[in-house]
Amino acid sequence: MSLQFIFGNSGSGKSHYLYQQIVEESIRHPEKNYLVLVPEQFTMQTQKDLCMAHPRGGIMNIDVLSFGRLAHRVFEETGKERQPILDDEGKNLVLRKIAGNYEDELTVLKGNLKKQGYISEVKSVISEFTQYGIDFEQLDSFMEGLNPESYLYYKLKDIRKVYEGFEDYLRDKYITKEELLDVLSQNVQEAKMLKDSVIAMDGFTGFTPVQIGVLGKLFRLCAKVYVTIIMDEREDPYKKAIPHQLFAMSRQLVQQLMKAADEAGCPVEPEIWVRRSGHGRFQPGSTMDQLEQRLFRYGKRGFSGNGIEKRPESGTEAKTGNPAAGYEAKQQGIYISVAPNPRAELEETVRLIRRMVREEGMRYQDFAVLTGDLSVYGTYAREIFEKCGVPYFVDEKHSVLMNPFVEFLRAAIEMVVQSFSYESVFRYLRCGLSSLDREETDAMENYVLALGIRGLKAYGETWTRGYRGIKPDEVPQRNLLREKFYAEVQPFAERMKKKDATVRERTEALYALAVQNQMQEKLEERRQQFEQQGQEAFAKEYSQIYGIVMELLDKIVEVLGEEKMTLAEYQEILEAGFAEASVGIIPPTADQVLIGDNERSRLKDIRVLFFVGVNDGLIPRHDAGGGILSEYDREELERADAKLSPTARETMYQQKFHLYRNLTKPSERLYLSFTKAGASGEAQNPSYLINEIRKLFPEIPV
């Protein structure tokens, strides 16, 4: 057993080196197991890269896993009985259920638990405590050191109460996703697949305490563990991490792993440095190579393309190590532009992409567009890329709340809660999934508005009255529409109105309404329409949505089935579940432009990066803090050795590291753009990043 670090700059070829090493070893030792551990969103890409690296084009004794998948593989092999896993939607359901039981005993959270989104905040804090190993004992000991009259004391007391109720409810029934790794830790020794295996870890920038606990066990079992870490070749990776330094996250990671290895009695082998070479991302001496070497390296601006320090000559930047490169930054690959607003910015981006595809033979998959505000730029991108015929994929998880099927179910319950008011009835009919089509809905709406019809009873009686502007022979037609609507909703309304109905009975009524309206068939029709129109992302969403909703309804019955609830309480439970559910879509085709978020999206093998919206407040993002635990609360907890996720100050430093990683992703060109005004017309300033780049490359015009 041993641990070995593989260090190198961003783009130096660490992953390439590691995958080659693993492939070669796996060919020499077919009897051994090789596990490549990567973050969840990297698994498919890594499998593809390993297959491409293997001389036979396939991998037999190499597995690509995330921590979650590793847990499932170990449980499969060991046959350990375990409770079902409760995901985020399930947690929201349970918390919404138990919130009412404790409301009278709470001080700070009292009255807030029914507010929109508050349950999700409580869920986030509980998940964070579990992930970082904060148990009741630790909370109690920390609270003992606080003033019993302080706001933080009352806040933690409330959180502890709900946390305890949550744990009691789940005990012997479920485990949460965060507890999955704790269970893995207990069973890992019995897994034969891990004994004397080789583990390669790639793409991680840090680990939670629970993950470190798992790694500590793996160090005792495995023959060898490789870990790739981004580190400048001029830095000492074993120095103490100072938060504001660029590679502080990497140093913290090294210290975490060294400590875990030491406790496990696992020796650390001499590190491997992957120098910038032919397998690196950048052409030696190019502007992108210069950028990687000099970005955020304060006091070390004069470095040449080959990494040798040079003194600036007569007040100018040092010349590159490759004289042929000419050091004309504006010709070599970094461009800065300013636009009046986000729409104009994206129109220019699309124009440049189309020109490069047409004139330079590039493909759409060679481009990526990153932003700090995907909610604004994603909306414009869909419209502009669609209009210009450029294939694109917006890398975000869609909330299911905006899907017509989910809106149909929410509107159906709202209709019964509001006693068939005009607004609720036509919210339901306007979803486009009921038995009435759009023209029939319009005709019925005019009649209902003109005569002020309200209540289920009014829809059950024959309509005979006319009004000014309606022809006498049209009234019987409206009556036929009423009969059609009443036949559809009356059985559902009767079942939902039962006062002592259980969650199971209410959910069955909702399911029966969906089946009666042939929801699965209607969603499939829409999926096919989107496919024919070439809208692959919508087609993927519609292929998943029925399954996601049915799974949520099953979960509600499984977690709360025999509980008796009023309809209003049931509505709150369902809303809490839908609020957390989301649709994740894998890019439907390979040749398309990726549009993603600066912090979330992961880029691979791109030649040109467009970084749009490089404005103050977006890059880096100034988080308002928020949440139940404030910035001050987190700092207090950290002083008491209760380490949670990074504070706002730490996040600011980490954003610099993520910026460095993203700006060095393209191999050839980087386009930075900022706007003079935001989407709603407010004046905006460029981000400090623009000045940073211009200090490094004064020749770049804006």
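The values are calculated or read from the model by the stated rules, or taken from the named source; none is laboratory data. Note that the coordinates shown come from a computational prediction; the quantities given were computed from them, not determined experimentally. Using ideal geometry, Cβ is built from the backbone for each residue, glycine included, and neighbour counts are taken over all protein chains shown. To get the accessible areas, we keep the full protein, side chains included, count just its heavy atoms, and leave off ligands, DNA and RNA. Shrake-Rupley method; radii C 1.70, N 1.55, O 1.52, S 1.80 Å.
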Amide proton proximity set for Ser337, modelled H, under 5 Å, gap of 5+: Leu672, Ser673, Phe674
Where the stretch 508-562 is the region considered: accessible area per residue in Å², 1.4 Å probe: 52 Å²
Could you give the alpha-carbon Rg of the stretch 566-702 over 2.2 N^0.38 Å, rounded to two decimals? 1.40
Distance from the Cα centre of the stretch 389-466 to that of the stretch 104-157, in angstrom? 40 Å
Reciprocal mean inverse distance between Cα atoms of the chain - Kirkwood radius, Å: 29.1 Å
What's the carbon and sulfur percent of the stretch 50-158's accessible surface, probe 1.4 angstrom, rounded to a whole number? 45 percent
For the stretch 603-702, what number of Lys pairs, 8 or more residues apart or on separate chains, have alpha-carbon atoms under 22 Å from each other? 7
Rg in Å to one decimal, and Dmax rounded to a whole Å, for the stretch 168-266 via C-alpha atoms: 15.9, 53
Write down the percent of antiparallel bridges among all DSSP beta bridges whose residues are both part of the chain, to the nearest 5. 10 percent
May I ask you to compute the full-extension gain from Glu24 to Leu603, defined as 0.36 nm times their residue separation minus their alpha-carbon distance, rounded to one decimal in nm? 205.8 nm
Got a number for carbon plus sulfur as a percent of the stretch 588-702's accessible area, 1.4 Å probe? 47 percent
How much space per residue, in cubic angstrom, does the convex hull of the C-alpha atoms of the stretch 339-429 take up? 142 Å³
Nearby lysines by direct alpha-carbon distance to Lys224 (threshold 23 angstrom, same-chain neighbours under 8 apart not counted): Lys14, Lys32, Lys192, Lys195, Lys259
Sparsely packed GluC sites (Glu not before Pro) within the stretch 79-186, loop by DSSP, other Cβ within 10 Å at most 11: Glu81, Glu149
Distance in Å, no decimals, from the C-alpha centre of the stretch 35-103 to the one of the stretch 630-702 is 31 Å
Pairwise label distance in nanometres, Arg468 with Lys484, each label 7 Å out on the Cα-Cβ vector: 3.0 nm
Convex hull projection area averaged over all views, the stretch 22-134, Cα basis, nm²: 10.4 nm²
Could you give the length gained by full extension between Ser375 and Leu567, i.e. 0.36 nm per residue of separation minus their alpha carbon distance, to one decimal place? 65.7 nm
In terms of Cα to Cα distance under 17 Å, which lysines are near enough to Lys173, apart from those fewer than 8 places away along the same chain? Lys80, Lys91, Lys97, Lys555
Between Lys387 and Ser141, how high is the FRET efficiency from 1/(1 + (r/R0)^6) when r is the Cβ-Cβ distance and R₀ = 51 Å? Nearest 0.05. 0.25
Mind listing which trypsin sites (Lys or Arg not before Pro) in the stretch 140-246 are in a DSSP loop and have 14 or fewer other Cβ atoms within 10 Å? Arg171, Lys173, Lys192, Lys195, Arg234, Lys239, Lys240
Relative contact order, percent, the chain [alpha-carbon distance under 8 Å, six or more residues apart]: 20 percent
Overall Cα dimensions of the stretch 383-506 - principal axes, largest extent first, Å: 55, 45, 19
One finds, for Leu449 and Met550 with R0 = 41 angstrom and r their Cβ-Cβ distance, a FRET efficiency to the nearest 0.05 of 0.70
Please calculate how many Å² of accessible area the stretch 1-138 carries per residue, with a 1.4 Å probe and no DNA, RNA or ligand atoms counted. 45 Å²
Estimated inter-spin distance, Gln535 and Asp182, nm [label 7 Å along Cα→Cβ]: 4.5 nm
Hydrodynamic calc, the stretch 461-503: Kirkwood Rh from Cα pairs, then Stokes-Einstein at 10 °C with viscosity 1.306 mPa s, so D in µm² s⁻¹ is 127 µm²/s
What is the Å³ per residue value for the convex hull set by the Cα atoms of the stretch 407-462? 75 Å³
Within the stretch 420-483, report the trypsin sites (Lys or Arg not before Pro) that DSSP leaves as loop and that have at most 10 other Cβ atoms within 10 Å. Arg468
Can you tell me the accessible area per residue over the stretch 367-417, all protein chains present, probe 1.4 angstrom, in square angstrom? 33 Å²
Compute the Rg/Rh shape ratio of the stretch 468-606: radius of gyration over Kirkwood radius, all on alpha-carbon atoms. 1.12
Mind giving me the nanometre distance, one decimal, between the label points for Gln252 and Tyr632, set 7 Å out from Cα along Cα→Cβ? 2.3 nm
List every DSSP H helix in the chain whose Cα atoms extend 24 Å or more along the helix's own long axis and whose mean Kyte-Doolittle hydropathy is at least -0.5. 536-560
